[in-house]
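Student: One structure follows; several queries about it will come next.
The values are calculated or read from the model by the stated rules, or taken from the named source; none is laboratory data. Keep in mind that what you see is a predicted model, and the values were worked out from it rather than measured. Because the Cβ atoms are built from the backbone with ideal geometry, glycine has one as well, and the counts that use them run over all protein chains shown. Protein only, heavy atoms only, side chains kept; ligands, DNA and RNA dropped before computing areas. Shrake-Rupley method; radii C 1.70, N 1.55, O 1.52, S 1.80 Å.
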Amino acid sequence: MKVAIAKGRIEKAARAYFQEKGLPVWPEKRGRELTVTVDDNEFIFVKGDDVYKYVMHGAADVGVVGGDILREKTPGVLEVVDLPFGRCRMSVCGPKVRRNGTKKLKVASKYPNVAISHFASKRQNVEVIALNGSVELAPLTGLADCIVDIVETGATLEANDLEEYETIFSINAKFITSEAALANRPDELKSWIRMLSEEEDE
Ligand code: PRP
């Protein structure tokens, strides 16, 4: 099986979860190698944003990725297991003293599609500024009035004197695959899905 894993926080949690469920895992310290082969499985480590691309194009059979990225990109992959890690939420956040007035709201985000559809659903006309990171800087510098971003512990908001205005949706990691992989490796994939989905005995 070829398995694409989002590097970083998800990778660490995924390794622990795969191990707990009796699935093959990659070594904890893997150095700078971007692929690791364990038995018949090849683990591929990529940026979170790229996991679904490997699965979509058939370079990986399955992947582990944050649900935030799938909500933003809505790629044609199958979300087959909800994983119990990577938990956080997508929220509208901004300065503790909120801006008043009638001027069009400026919203900075790494998730422009999520931001656009959220404000559209509230019939609120906003300008969305797409950024690549450190989004919390936007309201601090006057680039935007508020942000749409992930909140996990809330520490980044706190450290920058910002607060959460509204939660849009909650997030967890997802195990994804494609129609093609399901057709090519039905038995192996079904067994992985079953193992990943099994509830713990009380
Ligand atoms: C994410 C997110 C927030 C922060 C939230 O950023 O965009 O900034 O984590 O986590 P917290 O609530 O636990 O503080 P990330 O660390 O991925 O870096 P980035 O801003 O450069 O994308």
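Student: Quick one: how many residues across the stretch 64-85 are of a type outside the set (S, T, N, Q) and part of a loop (DSSP other than H, G, I, E, B)?
Tutor: The total comes to 6.
Student: Inside the stretch 182-202, can you point out the residues that are among the hydrophobic types (A, V, I, L, M, F, W, C) and surrounded by 12 or more Cβ atoms within 10 Å (Cβ to Cβ)?
Tutor: Residues of the stretch 182-202 that are among the hydrophobic types (A, V, I, L, M, F, W, C), as a first pass: 182-183, 189, 192-193, 195-196.
Result: L182, L189, W192, I193, M195, L196.
Student: Sticking with this structure for a sec: For the stretch 32-47, name all the residues that are buried (at least 17 other Cβ atoms within 10 Å of the Cβ), in contact (Cβ under 8 Å) with a residue 40 or more places away in the chain and not aromatic (F, W, Y).
Tutor: Of everything in the stretch 32-47, those that are buried (at least 17 other Cβ atoms within 10 Å of the Cβ), in contact (Cβ under 8 Å) with a residue 40 or more places away in the chain and not aromatic (F, W, Y) turn out to be N41, I44, V46.
Student: Follow-up question, since we're still on this one. Given the options P95, P84, name the one that is more than 30 Å from A181 (Cα to Cα) and either open to solvent by 40 Å² or more (accessible area, probe 1.4 Å) or touching a residue at least 24 places away in the same chain (Cβ under 8 Å) (or both).
Tutor: P95
Student: Output the number of the condition that G63 fails; it satisfies all remaining conditions of (1) free of Cβ contacts under 8 Å to residues at least 60 places away in the same chain; (2) open to solvent by less than 70 Å² (accessible area, probe 1.4 Å).
Tutor: (1)
Student: Continuing with this model, one more query. Out of E136, E158, which single residue is among the acidic types (D, E), outside the structural domain of G67 (by TED's automatic domain parsing) and touching a strand residue (DSSP E or B) at 6+ places or on another chain (Cβ under 7 Å)?
Tutor: E136
Student: Which members of the stretch 164-181 meet the condition of being touching a Gly at 6+ places or on another chain (Cβ under 8 Å) and surrounded by fewer than 17 Cβ atoms within 10 Å (Cβ to Cβ)? If you could, list the steps in order and put the result at the bottom.
Tutor: Narrowing the stretch 164-181 to residues touching a Gly at 6+ places or on another chain (Cβ under 8 Å): 164-165, 171-178, 180-181.
If the condition is that a residue be touching a Gly at 6+ places or on another chain (Cβ under 8 Å) and surrounded by fewer than 17 Cβ atoms within 10 Å (Cβ to Cβ), then E164, Y165, N172, A180 are the ones that fit.
Student: On the basis of being outside the structural domain of V51 (by TED's automatic domain parsing), in contact with a helix residue (DSSP H, G or I) (Cβ under 6 Å, 6 or more places away or on another chain), acidic (D, E) and open to solvent by less than 40 Å² (accessible area, probe 1.4 Å), does E72 make the cut? Show your work before the answer.
Tutor: Working: outside the structural domain of V51 (by TED's automatic domain parsing): no; in contact with a helix residue (DSSP H, G or I) (Cβ under 6 Å, 6 or more places away or on another chain): yes; acidic (D, E): yes; open to solvent by less than 40 Å² (accessible area, probe 1.4 Å): yes.
When the stated conditions are applied, E72 does not pass them.
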